[in-house]
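This report concerns only the one structure given below.
The values are calculated or read from the model by the stated rules, or taken from the named source; none is laboratory data. Because the structure is a prediction, the values reported are computed rather than measured. Backbone-built Cβ (ideal geometry, glycine too); neighbour counts: all protein chains shown.
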Amino acid sequence: MADVKLRGLRKSFGAVDVIKGVDIDIADGEFVVFVGPSGCGKSTLLRMIAGLEDITGGTLEIDGVVVNDKQPKDRGIAMVFQSYAIFPHMTVRENVAFGLTINGLAKAEKDAKVAEAARILQMEHLLDRRPSQLSGGQRQRVAIGRAIVRDPKVFLFDEPLSNLDAALRMDMRMEIGKLHQSLDATMVYVTHDQVEAMTLADKIVVLRDGLVMQIGAPMELYHNPANLFVAGFLGAPSMNFITVDVQAIEGDLARVSHPALEPIAVAHKGRDIRAGGKAVLGVRPQYLAPVEGPAGMLHGTVALTERLGSETVVDVTLRDGSKIIAAIGEDRVYPTGAGIGLRFDPAQAHLFAVD
Amino acid sequence: MATKLTQSNGAGWAFALPGFGLMVVFIILPFFFAFALSFTNQRLISPNPTAYVGAANYRQLLGVGTITLDPLRDDAGAVQRAADGSPAYPRLREFTRANPDYPQLDGMREWFSFGRGESRTFVLARDVVFMKAIVNTVIFVLVVAPLQGALALGLALLINQRLRGINLFRAIYFMPVVVSIVVVSLLWRFIYSADGGLLNNMLTGLSFGLFTPVDWLGTPSTALGSIIAMSIWQAVGFHMVIWLSGLQTISPTLYEAASIEGATKWQTFRYVTWPGLRNTAVLVLIVITMQAFALFAQIDVMTKGGPLDSTQTIVFQAVDRGYGKQDISGGSAISVILFCIVLTISLIQRYLTRERT
Ligand SMILES: Nc1ncnc2c1ncn2[C@@H]1O[C@H](COP(=O)(O)OP(=O)(O)OP(=O)(O)O)[C@@H](O)[C@H]1O
Ligand SMILES: [Mg+2]
């Protein structure tokens, strides 16, 4: 078990800068998830930790030792790939034992370790099969098994579940969560699935274009996004943004207005917001509640209703023509074209500076 | 709808016809012709009508026999010896020329012999040259197939890297393949030449004159080896490309997984590369074997089967018989024999390299 420190880490492919100075502290036993849009450099960053990509600049420490120039095998890491990367011509047993075999471990010890890993992953009955005879989820289990037997300081996962179907993904997600608890190991996990990030992580790192946008516990990121990008990236459906006029700053609050909005006061959290200027008001769809009649703080008409049973998602066109989404926690029909008033608690709204 | 189907099929057949026709005329028909002719006494040009002769051609080609002889003794019972001290044996001709006691040996000649105690066993063949051709061809295949395959794999591994200018090397290694084998053979005749040949000059230079030049193609002990070396060089680039395509089908993540597990270069090859090349290996091996069995052009250009039949090969014999000696039926029989050998070998290879589950 070990902590991992990334200090000013940079990576360039030729003239292209992909990672542009990343600082992350990962504590011993922590489950850290890297999220971000496609191409933001999540995999690259993980592969730099693994030693599969050279580090262009900065330092990488694992367990207090700078490992920039160490071979992958000397870093004490194990990696699980999206494409499983299990050896097609070997049985499951041989695959799981691969690292032990090439390091010349005695057979008895090897068998014991493989049996232990198989028990943890509940795949004892698969040990003598070949990868071609396994389902996707079972293959990924084999890959995880291969990682477990190495007893690594740090587990690295690169989108391990994205080749699986939705139901299986949920099962495996829970298994990985359990695995983390039982092994108590440091894990770094790359995904672009928010649910995986929110449910698994002790700490989420949101990346964009090779830069860290915010680091924090899942709920901290959800309730206190540091910027527009994080606010829009986490949560589904994503946060509504309304460009508003700032009328006045009153202490910690900013009074804002919009043609479709009754003036309200929202905490500005010291962001670069000035009276007379513009700002972006963010409200999560779940925090919007319908009100009868012309009351409420936001006014618009219903453009579309999606009934999901437990929830009704309503697309609302505001008076000025901009669109927002409300996720209402009950099954109700809103006739298309009808006027609708929405209410929310200003304390649950966010105010961001315009980009 | 049925009409439409048949119509479009008709068009398809019409398009296929030229190619298909050529294949029938130049590959399929000759194959059956060879088969049929090998059981006749057909000659290239002959006033006599063709007659069915059964397996006579095959008996003539493949007939072998042995005879064990005791040395000649003088009246006192002592072994008679030749001038060099080796024991003297009765003349073989006494047994192979119209000897009523040995009808099965009639017309055979000595192929080789080995001694056990004082007696000596002579292996006789009805067609000694053809026997030598078979042996030479088999040696050629046994040496070329593993060496060329391994060498090609080595080159493929070397050039399967992202390095500046690697394409230049790929091109260089592939170049001999593009040049006609006849041209290559002619060039290598100069390289192997006894006086002033490149190889002799180089060896003399490297050994500071200690090396005595060899007539590579004119000496029975070096001629086949020289042709083997040159043949390996010529086609190695082709098989390198096949290996290369096999290498590129192996997923790079497997290599990454292996490197994280700490596999050495050799272990990576043993556990990732080689298993991933299994199908390619079968293909390369079969193709090399087939090509090696068909060895002809090099022989025809460089040695014509000589010296002392040391570079006779099956295909060279087939052509030499059929056209040189105008014995079409004999040549056909050789082709059929070659076909059977190659078929057997590829079946065995397929069996040995089958997918085990
Ligand atoms: N070997 C390479 N050479 C050049 N550019 C590369 C290389 N590998 C990755 N990149 C670039 O680096 C950027 C980040 O790639 P990376 O694979 O880390 O993205 P990612 O965040 O993992 O995306 P995804 O979610 O789609 O997997 C991309 O713009 C990609 O084009
Ligand atoms: Mg990725």
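Is segment A:185-204 home to any residue that is farther than 21 Å from A:GLY76 by Cα, of a type in the set (Val, Ile, Thr) and away from ligand 1 (no atom under 16 Å from the Cβ)?
yes
Conditions first: (1) surrounded by 23 or more Cβ atoms within 10 Å (Cβ to Cβ); (2) at pLDDT 90 or above. A:THR91 passes all but one, so which condition is the exception?
Failing condition for A:THR91: (1).
Using beta carbons and a limit of 7 Å, which pairs, at least six apart or on different chains, have the first residue in segment A:150-170 and more than 16 Å from B:THR253 (Cα to Cα) and within 14 Å of another protein chain (Cβ to nearest Cβ) and the second one within 16 Å of ligand 2 (Cβ to nearest atom) and not in a loop (DSSP other than H, G, I, E, B)?
A:VAL154/A:VAL188
Restrict the check to segment A:30-49 and report whether at least one residue is of a type in the set (A, V, I, L, M), more than 13 Å from ligand 2 (Cβ to nearest atom), closer than 21 Å to A:VAL206 by Cα and within 14 Å of chain B (Cβ to nearest Cβ).
yes
Would you tally the residues in segment A:96-116 being over 14 Å from A:ALA78 (Cα atoms) and under 33 Å from the mean Cα position of the chain (by Cα)?
Number of matching residues: 4.
Conditions tested, residue by residue: (1) within 16 Å of ligand 1 (Cβ to nearest atom); (2) surrounded by fewer than 18 Cβ atoms within 10 Å (Cβ to Cβ); (3) assigned to a strand (DSSP E or B).
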| residue | (1), (2), (3) |
| --- | --- |
| A:SER12 | yes, yes, yes |
| A:ASP25 | no, yes, yes |
| A:PHE34 | yes, no, yes |
| A:GLY39 | yes, yes, no |
| A:LEU45 | yes, no, no |
| A:ASP54 | yes, yes, no |
| A:MET79 | yes, no, yes |
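Find all pairs meeting these conditions: Cβ atoms under 8 angstrom apart; at least six residues apart or on different chains; first residue within segment B:330-357 and within 14 Å of chain A (Cβ to nearest Cβ) and modelled with pLDDT of 80 or more; second residue part of a helix (DSSP H, G or I) and loosely packed, with under 11 Cβ neighbours inside 10 Å.
Listed by first residue and then by second, the contacts come to nothing, as the list is empty.
Go through segment A:54-99 and give me each residue that's among the acidic types (Asp, Glu) and within 10 Å of chain B (Cβ to nearest Cβ).
Answer for segment A:54-99, where residues must be among the acidic types (Asp, Glu) and within 10 Å of chain B (Cβ to nearest Cβ): A:ASP74, A:GLU94.
A:ALA2: small (Gly, Ala, Ser) and either touching an Asp or Glu at 6+ places or on another chain (Cβ under 6 Å) or within 11 Å of ligand 1 (Cβ to nearest atom) (or both), yes or no?
yes
Of the numbered conditions (1) assigned to a helix (DSSP H, G or I); (2) at positive phi, B:GLY85 fails exactly one; give the number of that condition.
In the conditions (1) assigned to a helix (DSSP H, G or I); (2) at positive phi, B:GLY85 misses (1) alone.
In segment A:144-172, how many residues are under 23 Å from A:GLU94 (Cα atoms) and more than 16 Å from ligand 1 (Cβ to nearest atom)?
Counting residues in segment A:144-172 that are under 23 Å from A:GLU94 (Cα atoms) and more than 16 Å from ligand 1 (Cβ to nearest atom) gives 13.
For every residue, the table says whether it meets (1) assigned to a helix (DSSP H, G or I); (2) surrounded by 13 or more Cβ atoms within 10 Å (Cβ to Cβ); (3) without any contact (Cβ under 8 Å) to a residue 12 or more places away in the chain.
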| site | (1), (2), (3) |
| --- | --- |
| B:GLY10 | yes, no, yes |
| B:PRO18 | yes, no, yes |
| B:LEU22 | yes, no, yes |
| B:PRO30 | yes, yes, yes |
| B:PHE35 | yes, yes, no |
| B:PRO49 | no, no, yes |
| B:ARG59 | yes, yes, no |
| B:GLY65 | no, yes, no |
| B:ALA76 | no, no, yes |
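When you scan segment A:218-255, how many residues do you find that are crowded, with 16+ Cβ neighbours inside 10 Å, within 22 Å of A:LEU288 (Cβ to Cβ) and among the aliphatic types (A, V, I, L, M)?
Adding up the residues that qualify gives 10.
Looking only at segment A:100-116, which residues are more than 13 Å from chain B (Cβ to nearest Cβ) and either in contact with a strand residue (DSSP E or B) (Cβ under 8 Å, 6 or more places away or on another chain) or not in a loop (DSSP other than H, G, I, E, B) (or both)? Step through it out loud before you land on a result.
Filtering segment A:100-116 for residues more than 13 Å from chain B (Cβ to nearest Cβ) gives A:106-116.
A:LYS107, A:ALA108, A:GLU109, A:LYS110, A:ASP111, A:ALA112, A:LYS113, A:VAL114, A:ALA115, A:GLU116 - these are the residues of segment A:100-116 that are more than 13 Å from chain B (Cβ to nearest Cβ) and either in contact with a strand residue (DSSP E or B) (Cβ under 8 Å, 6 or more places away or on another chain) or not in a loop (DSSP other than H, G, I, E, B) (or both).
Residue-wise test of (1) modelled with pLDDT of 75 or more; (2) closer than 29 Å to B:ILE228 by Cα; (3) among the acidic types (Asp, Glu).
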| residue | (1), (2), (3) |
| --- | --- |
| B:VAL79 | yes, no, no |
| B:PRO90 | yes, no, no |
| B:ARG97 | yes, no, no |
| B:ARG109 | yes, yes, no |
| B:PHE122 | yes, no, no |
| B:ASP127 | yes, yes, yes |
| B:ALA133 | yes, yes, no |
| B:VAL138 | yes, yes, no |
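Quick one: how many residues across segment A:154-199 are in a strand (DSSP E or B), more than 16 Å from ligand 2 (Cβ to nearest atom) and of a type outside the set (Val, Ile, Thr)?
2
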